[in-house]
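Q: Pasting in a structure now, in structure tokens, and then I'll have a few things to ask.
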């Protein structure tokens, strides 16, 4: 069957994203971490290939710059970063983060997660760390660990947990994400880094909201969400091998794989919940998160390149 034009366009976009990821990974393999540049310090054309930051102790810390909005502007480089946990950063990693001149770190992890794996961050006086925990049923890391190690977890349960979690981001955590967006509207908080544990669900929805509020199309937001799989593939396979051993081979890695991956159906559930409850993204941003015209204008002034720039 001959492909339709939309199908061909989607195939071209997918190929372009894969080429970008391949180039990015090649760049990261080419030089030691201390010699790799901060993306915002590169020429504009070179920045997408360095979106993932070159850290040893975090595998999913990346710059959210360079995404096109519906009105033809682009998100700024060097002001907004999303990440997985920062507890395993090396001394060189911490020194690299210092070069980002961060003013705020937002941690979406639960109290138990933070106490078990405290962040390692630059000891700079201007850095403000704020905790905005997203926790509840299905988000208890200790209960999840016991389920996985006992071999009781099934892939259906893991998938359902992530689907339900993304639905809950919309229905149960508006106050957390509203506060997060208000923080982005204050230029004194930038550059800002936000993270959870894997950097794909709680932080992934935060990234989606920030980009949507700036006018980035949903499909671009989805592509950014799915980049986690390319950047985390090696880490995921290593973790699955470890889980098989520490569970005394009671756990089938394929049963827990859904927990480690960013799957389209997860974020799409959040989008579908927004549409079902509010009708569209703009209404959701305004009614649930308080993103009125004034706040949106401040967000765009802070996080988008100047018009015509």
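The values are calculated or read from the model by the stated rules, or taken from the named source; none is laboratory data. In this text, all values refer to a predicted model and were calculated from it rather than measured experimentally. Backbone-built Cβ (ideal geometry, glycine too); neighbour counts: all protein chains shown.
Q: Are any residues in the range 130-157 more than 28 Å from residue 182 (Cβ to Cβ), at pLDDT 85 or above and surrounded by 14 or more Cβ atoms within 10 Å (Cβ to Cβ), and if so, which ones?
A: 154, 155, 157
Q: Give the residues of the range 87-115 that are under 22 Å from residue 40 (Cα atoms), buried (at least 18 other Cβ atoms within 10 Å of the Cβ) and touching a helix residue (DSSP H, G or I) at 6+ places or on another chain (Cβ under 8 Å), sorted by residue number.
A: 89, 93, 96, 103, 104, 106
Q: Okay, next question. Please tell me if residue 270 is touching a helix residue (DSSP H, G or I) at 6+ places or on another chain (Cβ under 9 Å), assigned to a helix (DSSP H, G or I), in contact (Cβ under 8 Å) with a residue 12 or more places away in the chain and more than 23 Å from residue 179 (Cα to Cα). If you could, list the steps in order and put the result at the bottom.
A: Values: touching a helix residue (DSSP H, G or I) at 6+ places or on another chain (Cβ under 9 Å): yes; assigned to a helix (DSSP H, G or I): yes; in contact (Cβ under 8 Å) with a residue 12 or more places away in the chain: yes; more than 23 Å from residue 179 (Cα to Cα): no.
Spelling it out, it is not the case that residue 270 is touching a helix residue (DSSP H, G or I) at 6+ places or on another chain (Cβ under 9 Å), assigned to a helix (DSSP H, G or I), in contact (Cβ under 8 Å) with a residue 12 or more places away in the chain and more than 23 Å from residue 179 (Cα to Cα).
Q: For the range 190-211, does any single residue satisfy the condition of being over 15 Å from the mean Cα position of the chain (by Cα) and under 18 Å from residue 81 (Cβ atoms)?
A: Applying the first criterion (over 15 Å from the mean Cα position of the chain (by Cα)) to the range 190-211 yields 190-191.
Next, only the ones that are under 18 Å from residue 81 (Cβ atoms) stay: 190-191.
Looking for residues that are over 15 Å from the mean Cα position of the chain (by Cα) and under 18 Å from residue 81 (Cβ atoms), one finds at least one in the range 190-211, hence yes.
Q: Another one. Only residues in the range 29-51 that are at negative phi and surrounded by fewer than 11 Cβ atoms within 10 Å (Cβ to Cβ) count as the first member; pair them with residues that are in a helix (DSSP H, G or I) and modelled with pLDDT of 65 or more, Cβ under 7 angstrom, at least 6 apart or cross-chain, and list the lot.
A: Listed pairs, sorted by first residue: 34/92.
Q: Could you identify the single residue in 183, 204 that is surrounded by 17 or more Cβ atoms within 10 Å (Cβ to Cβ), in contact with a strand residue (DSSP E or B) (Cβ under 7 Å, 6 or more places away or on another chain) and within 28 Å of residue 96 (Cβ to Cβ)?
A: Numbers: 204 fails: in contact with a strand residue (DSSP E or B) (Cβ under 7 Å, 6 or more places away or on another chain).
The match here is 183.
Q: Select, from 162, 240, 226, the only residue that is at pLDDT 95 or above and either buried (at least 21 other Cβ atoms within 10 Å of the Cβ) or not in a strand (DSSP E or B) (or both). Don't jump to the end; show me each part of the working.
A: On the way: 162 fails: at pLDDT 95 or above; 240 fails: at pLDDT 95 or above.
Every option except 226 fails the conditions.
Q: Quick check on residue 121: is it in contact with a strand residue (DSSP E or B) (Cβ under 9 Å, 6 or more places away or on another chain) and either buried (at least 17 other Cβ atoms within 10 Å of the Cβ) or at pLDDT 95 or above (or both)?
A: Working: in contact with a strand residue (DSSP E or B) (Cβ under 9 Å, 6 or more places away or on another chain): yes; either buried (at least 17 other Cβ atoms within 10 Å of the Cβ) or at pLDDT 95 or above (or both): yes.
In short, yes.
Matching residues to (1) closer than 19 Å to residue 259 by Cα; (2) in contact (Cβ under 8 Å) with a residue 12 or more places away in the chain; (3) touching a strand residue (DSSP E or B) at 6+ places or on another chain (Cβ under 8 Å); (4) assigned to a helix (DSSP H, G or I):
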| position | (1), (2), (3), (4) |
| --- | --- |
| 157 | yes, no, no, yes |
| 179 | no, yes, no, yes |
| 197 | yes, yes, no, no |
| 200 | yes, yes, no, no |
| 212 | no, yes, no, yes |
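Q: Looking at (1) assigned to a loop (DSSP other than H, G, I, E, B); (2) modelled with pLDDT of 95 or more, which is the only condition residue 81 fails?
A: (1)
Q: Residue by residue through the range 245-254, note down the ones that are surrounded by 14 or more Cβ atoms within 10 Å (Cβ to Cβ) and closer than 9 Å to residue 151 by Cα. Outline the logic, then answer.
A: Taking the range 245-254 as the starting set, the residues that turn out to be surrounded by 14 or more Cβ atoms within 10 Å (Cβ to Cβ) are 247, 250-253.
Once the filter is applied, which keeps residues that are surrounded by 14 or more Cβ atoms within 10 Å (Cβ to Cβ) and closer than 9 Å to residue 151 by Cα, the range 245-254 yields 247, 250, 251, 252.
Q: Using the structure shown, decide if residue 251 is outside any helix (DSSP H, G or I), in contact with a helix residue (DSSP H, G or I) (Cβ under 6 Å, 6 or more places away or on another chain) and more than 27 Å from residue 181 (Cβ to Cβ). Spell out how you get there, then give the answer.
A: On the way: outside any helix (DSSP H, G or I): yes; in contact with a helix residue (DSSP H, G or I) (Cβ under 6 Å, 6 or more places away or on another chain): yes; more than 27 Å from residue 181 (Cβ to Cβ): yes.
It is true that residue 251 is outside any helix (DSSP H, G or I), in contact with a helix residue (DSSP H, G or I) (Cβ under 6 Å, 6 or more places away or on another chain) and more than 27 Å from residue 181 (Cβ to Cβ).
Q: Looking at the range 295-304, is at least one residue modelled with pLDDT of 95 or more and touching a strand residue (DSSP E or B) at 6+ places or on another chain (Cβ under 8 Å)?
A: Filtering the range 295-304 down to residues modelled with pLDDT of 95 or more leaves 295-304.
Narrowing further to those that are touching a strand residue (DSSP E or B) at 6+ places or on another chain (Cβ under 8 Å): 303-304.
The answer is yes, given that some residue of the range 295-304 is modelled with pLDDT of 95 or more and touching a strand residue (DSSP E or B) at 6+ places or on another chain (Cβ under 8 Å).
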